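Throughout, read-outs are computed from the coordinates displayed, never taken from laboratory work. These figures come from a predicted structure and were not determined experimentally. No Cβ is skipped: glycine too gets one built from the backbone with ideal geometry, and neighbour counts run over all protein chains shown.
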Amino acid sequence: MVKINNIAINGIAHIALSVKCLKISKVFYMELMPFLGLNIVHESNKSIYFIGSKTGILIQEIEKKKILSMFSQNNIGLHHFCFRAREKKHIYLLEKKLKSIKANIVRGPVNGTWAPGYFYILFEDPDKIRIEVNYVPNKGILEKNINFNPSNDY
């Protein structure tokens, strides 16, 4: 009999984000997601769902009566999420796209200290949910003799 100690998941299937106004968020995400290679697989008056590159992002409007506060990355729950770019130049291309849709760029493009070659841009959606796109060469911290550098952040 074979004993299984873990299931070794195959990545994250999807991330579901709750937003205040789907109409406003749709404008932002319908520009951003196809640019990142994610396509619409569902759209209704309550949600929109994008899939691509083994990633799913669901944007759903919450009931107005359930809105408790604005998003804050310093509260319990989601801090931010990060897409991985295939090439460093893609971070610069994304910067141009974000500027064209007047997205709030929090930081970047800039180098990060967490792994050798870490390069990223951090920005916000209309509800101030933070999204990062990074590029890390080779296998990043999965390379032999390379460790995660928590810096002063973690």
(message) Only four residue types carry charge here, +1 at the Cβ of Lys and Arg and -1 at the Cβ of Asp and Glu. Report the dipole size of region 13-63 about the Cα centre in Debye, rounded to the nearest 20.
(response) 40 debye
(message) Let's see if you can work this out: charge +1 on each Lys and Arg Cβ, -1 on each Asp and Glu Cβ, no other charges. What is the dipole magnitude of region 79-154 about its Cα centre, in debye to the nearest 20?
(response) 300 debye
(message) 7 Å from Cα along Cα→Cβ at both His80 and Ile105: what's the point-to-point distance in nm?
(response) 1.4 nm
(request) Determine, for each peptide in 136-148, 112-124, the mean count of other beta carbons within 10 angstrom over its residues, then list the peptides with the highest first. (result) 112-124, 136-148
(message) Output the 0 to 90 degree angle, nearest 10, between the alpha-carbon long axis of helix 89-100 and the longest principal axis computed from the alpha carbons of the chain.
(response) 20 degrees
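If you restrict to DSSP beta bridges whose two residues both lie in region 79-154, what percentage is antiparallel, to the nearest 5?
75 percent
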(request) Rounded to the nearest 500, what is the 222 nm mean residue ellipticity of the chain from helices alone, with -39500 (n - 2.57) per DSSP H run of 4+ residues and division by all residues? (result) -5500 deg cm²/dmol
(request) Work out the length of the dipole vector of the chain about its Cα centre, built from +1 on the beta-carbon of each Lys and Arg and -1 on the beta-carbon of each Asp and Glu, and round it to the nearest 20 debye. (result) 120 debye
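By how many nm would the segment from Asn138 to Ala16 grow when fully extended, if each residue of separation counts as 0.36 nm and the alpha-carbon distance is taken off?
Here the segment from Asn138 to Ala16 would lengthen by 41.0 nm.
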